[in-house]
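Trainee: Can you keep this structure in mind? I'll have questions shortly.
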Amino acid sequence: MQARAVIGSCPAVRPVAAARAPCQPRRLTMRCAASAEPVEKVESVAEEKAAAPKADGSPAAAAGFADVQRPPRIPIEDTILFQGFGWDSCKDGAWYKKVESMIPQLQAAKITHLWLPPPSQSVAPQGYLPGQLYNLKSKYGNKEELQSLNRALMAAGIRPMADIVINHRCADQQDENGVWNKYGDDVSHDGKPINWDQWAITCDDPKFNGTGNPDSGDDYEAAPDLDHHNKELRDSLVDWLNWLKTDLGFEGWRFDYVRGFAAEYVKEYIERTQGPDCFNVGENFLNLQWNDGSLDYNQDGARQMLVDFVEGAKCCTMFDFVTKGILQEAVKNTQYDRLKDGNGKAPGMLGWWPEKTCTFIDNHDTGSSQGHWPFPNEKVVQGYAYILTHPGIPCLFWEHHFDWGLADEINALVELRLRAGIKANSKLEILCAEHDVYVARIDDKVTIKMGPRYDIGDLAPKESDGWKKSVRGADWCTWEKA
């Protein structure tokens with residue numbers, strides 16, 4: 001990399017060190033700020049380009065996915081996403097194999113995309129403190145098992161999405177001061193090397209002595225923040241992402257912790273890998289506005305943060321944490337008047353830019369065993385009734401579907417959505433939003449009522465107008481037009 005001007009006032013950017021030959025097998029320990037104990041890892045030797053024959057003498061599967069018939073790309077507004085893991089799925093020991101065994105049930109759920117966990121070796125077992133990016137031996141399985149899973153998903157018409165953690169990366173060597181900020185590159189691969197140095201770490205990272213540019217987003221305390229201003233680093237990440245696409249079969253990225261780097265780089269990573277016609281989604285677990293323990297009705301500040309990121313990223317949707325927060329307060333406290341803003345629209349990002357909004361009930365952070373911000377247990381199906389009848393791109397959660405035994409109820413709501421042709425950009429008309437009742441109509445094809453009020457008078461859809469009752473549950477009911 002040529003020396004270049006530095007953004008801001010940090011020390012000069014160091015040039016990239018020359019690439020080194022792949023290491024021989026050896027054991028080392030690895031530590032990030034988040035790990036209380038060193039984590040042992042076995043580095044991979046250079047992989048052979050040609051796969052060896054199987055034990056029965058038959059040829060091994062091709063390394064890449066050139067021979068695989070990928071499902072055709074669909075309009076992004078038709079996406080139904082499914083998160084294919086929880087926080088403790090890494091403890092299973094063979095998660096990729098388990099997911100592959102559940103593909104018939106995933107097909108029955110009528111999903112279009114399956115979001116899989118971070119694929120790379122990681123200091124933390126869940127995958128969110130990645131180290132050797134090309135080393136795919138993780139707590140979920142290995143490269144071959146992941147390839148097998150993705151092939152099977154595509155054969156079933158489901159598009160696999162990768163969880164991409166590139167805000168930060170854990171180093172595996174220390175500098176002369178004992179700081180973990182030197183990176184190895186111990187798996188043979190095409191493309192640019194990833195044996196980075198302090199130059200790849202932002203200069204304002206408070207712990208890891210980086211010499212790169214200032215951070216383009218928020219600091220991530222647990223691991224070194226990567227300098228996305230650096231084109232050499234971005235080129236290396238693009239090579240890795242394209243490898244995940246061509247050799248592993250991934251279609252689409254879920255970008256972790258996008259508050260940590262600028263939206264313009266998410267745009268670049270998408271355009272240089274999957275392209276803007278592919279579904280991608282970013283995660284910003286932002287703070288909402290509270291007042292004396294009560295969630296404020298007006299969350300326009302948080303809505304604007306999500307919209308601003310999408311405006312910068314262009315071809316990326318966002319998880320709507322605002323809708324999640326408002327919806328769960330509404331159903332928990334019988335405050336259904338929260339579900340309409342001052343302009344008569346849905347109160348989250350959903351009300352401002354539905355085709356760029358990914359709605360959800362819980363994920364591995366908010367729910368699961370972490371439970372940082374869980375949806376009320378007894379109201380989860382009602383929550384799905386809301387997101388699956390409304391505009392936006394709905395995301396389902398593995399634990400609700402399989403561990404909680406809610407598959408039949410959620411599947412029925414997905415079927416209703418598909419029958420009615422509801423899409424991310426469907427028309428939403430909120431007919432009533434009062435403390436004990438919410439009534440909305442979508443595309444004049446589906447009506448939903450939520451809340452404990454039984455008698456909704458003239459708001460009830462009439463059979464004489466072509467309406468019939470459809471999926472229903474405790475304190476909620478839907479109607480669809482025949």
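Trainee: Return the pair list, or none, for Cβ contacts closer than 6 Å from residues in region 272-288 that are free of Cβ contacts under 8 Å to residues at least 40 places away in the same chain and charged (D, E, K, R) to residues that are assigned to a loop (DSSP other than H, G, I, E, B) and open to solvent by 10 Å² or more (accessible area, probe 1.4 Å), at least 6 apart or on different chains.
Mentor: Short answer, once both residue conditions are applied: Glu283/Asp256.
Trainee: Next up: Considering only residues that are in a helix (DSSP H, G or I), in contact with a Lys or Arg (Cβ under 9 Å, 6 or more places away or on another chain) and buried (at least 17 other Cβ atoms within 10 Å of the Cβ), which ones fall in region 308-322?
Mentor: Selection gives Phe309, Val310, Ala313, Val322.
Trainee: Now, a different point. For region 293-321, how many residues meet the condition of being of a type in the set (A, V, I, L, M) and in contact with a Cys (Cβ under 7 Å, 6 or more places away or on another chain)?
Mentor: 2
Trainee: So Gln132 clears everything in (1) under 17 Å from Trp243 (Cβ atoms); (2) open to solvent by less than 10 Å² (accessible area, probe 1.4 Å); (3) within 19 Å of the chain's Cα centre (by Cα) except one condition, right? Which one?
Mentor: Single failed check for Gln132: (3).
Trainee: Turning to a different aspect of this structure: Do the conditions hold for Thr112, that is, is it β-branched (Val, Ile, Thr), modelled with pLDDT of 95 or more, touching a strand residue (DSSP E or B) at 6+ places or on another chain (Cβ under 7 Å) and open to solvent by 10 Å² or more (accessible area, probe 1.4 Å)?
Mentor: yes
Trainee: Inspect region 328-337 for any residue being within 15 Å of Pro394 (Cβ to Cβ) and open to solvent by less than 30 Å² (accessible area, probe 1.4 Å) and give the result as yes or no.
Mentor: no
Trainee: Out of region 254-282, which residues are surrounded by fewer than 17 Cβ atoms within 10 Å (Cβ to Cβ) and assigned to a loop (DSSP other than H, G, I, E, B)?
Mentor: Arg272, Gly275, Pro276, Asp277 - these are the residues of region 254-282 that are surrounded by fewer than 17 Cβ atoms within 10 Å (Cβ to Cβ) and assigned to a loop (DSSP other than H, G, I, E, B).
Trainee: Taking region 400-416 as the region of interest, how many residues are surrounded by 21 or more Cβ atoms within 10 Å (Cβ to Cβ) and either under 21 Å from Trp352 (Cα atoms) or in contact with a His (Cβ under 9 Å, 6 or more places away or on another chain) (or both)?
Mentor: Matching residues across region 400-416 total 1.
Trainee: Which condition from (1) crowded, with 24+ Cβ neighbours inside 10 Å; (2) of a type in the set (Val, Ile, Thr); (3) touching a helix residue (DSSP H, G or I) at 6+ places or on another chain (Cβ under 6 Å) is the one that Thr202 breaks?
Mentor: Only one criterion is unmet by Thr202, namely (3).
Residue by residue, here is whether (1) free of Cβ contacts under 8 Å to residues at least 40 places away in the same chain; (2) of a type outside the set (A, V, I, L, M, F, W, C); (3) on the phi < 0 side of the Ramachandran plot holds:
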residue: Glu415; (1), (2), (3): no, yes, yes
residue: Lys423; (1), (2), (3): no, yes, yes
residue: Ser426; (1), (2), (3): no, yes, yes
residue: Cys432; (1), (2), (3): yes, no, yes
residue: Val437; (1), (2), (3): no, no, yes
residue: Pro452; (1), (2), (3): no, yes, yes
residue: Lys468; (1), (2), (3): yes, yes, yes
residue: Ala474; (1), (2), (3): no, no, yes
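Trainee: Taking only pairs six or more apart or across chains, which ones have beta-carbon atoms under 8 Å, a first residue in region 247-258 that is farther than 13 Å from Pro71 by Cβ, and a second residue that is modelled with pLDDT under 95 and among the aromatic types (Phe, Trp, Tyr)?
Mentor: Asp247/Phe65; Leu248/Phe65
Trainee: Looking at Arg303 and the list (1) in contact with a strand residue (DSSP E or B) (Cβ under 8 Å, 6 or more places away or on another chain); (2) part of a helix (DSSP H, G or I); (3) among the charged types (D, E, K, R), which single condition is not satisfied?
Mentor: (1)
Trainee: Quick one: what pairs do we get from region 364-386, first residue within 18 Å of Asn284 (Cβ to Cβ), second open to solvent by 30 Å² or more (accessible area, probe 1.4 Å) and of a type in the set (S, T, N, Q), C-beta under 8 Å, 6+ apart or different chains?
Mentor: Listed pairs, sorted by first residue: His364/Gln370.
Trainee: What number of residues within region 348-359 are assigned to a strand (DSSP E or B) and touching a residue at least 60 places away in the same chain (Cβ under 8 Å)?
Mentor: 2
Trainee: Against the definition (more than 22 Å from Thr366 (Cα to Cα), among the small types (Gly, Ala, Ser) and modelled with pLDDT of 95 or more), how does Ala302 come out, yes or no?
Mentor: When the stated conditions are applied, Ala302 does not pass them.
Trainee: Another question about this same structure. With respect to Gly127, is the statement that it is touching a Lys or Arg at 6+ places or on another chain (Cβ under 9 Å), surrounded by fewer than 24 Cβ atoms within 10 Å (Cβ to Cβ), on the phi > 0 side of the Ramachandran plot and modelled with pLDDT under 95 true?
Mentor: No; evaluated as a whole, the condition is false for this residue.
Trainee: While we're here: Taking region 217-238 as the region of interest, how many residues are surrounded by 20 or more Cβ atoms within 10 Å (Cβ to Cβ) and not in a strand (DSSP E or B)?
Mentor: Qualifying residue count for the region: 10.
Trainee: Do we find a residue being under 16 Å from Val123 (Cβ atoms), out of contact with any strand residue (DSSP E or B) (no Cβ under 6 Å at 6 or more places or on another chain) and among the polar types (S, T, N, Q) anywhere in region 165-173?
Mentor: Checking region 165-173: at least one residue is under 16 Å from Val123 (Cβ atoms), out of contact with any strand residue (DSSP E or B) (no Cβ under 6 Å at 6 or more places or on another chain) and among the polar types (S, T, N, Q).
Trainee: When Gly191 is evaluated against the numbered criteria (1) part of a helix (DSSP H, G or I); (2) closer than 30 Å to Ala155 by Cα, which criterion, by number, is the only one it fails?
Mentor: (1)
The values are calculated or read from the model by the stated rules, or taken from the named source; none is laboratory data. Since this is a predicted model, take the numbers as computed values, not measurements. Positions of Cβ are backbone-derived with ideal geometry, glycine not excepted, and every protein chain shown enters the neighbour counts. Accessible surface areas use protein heavy atoms only, side chains included; no ligands, DNA or RNA. Shrake-Rupley method; radii C 1.70, N 1.55, O 1.52, S 1.80 Å.
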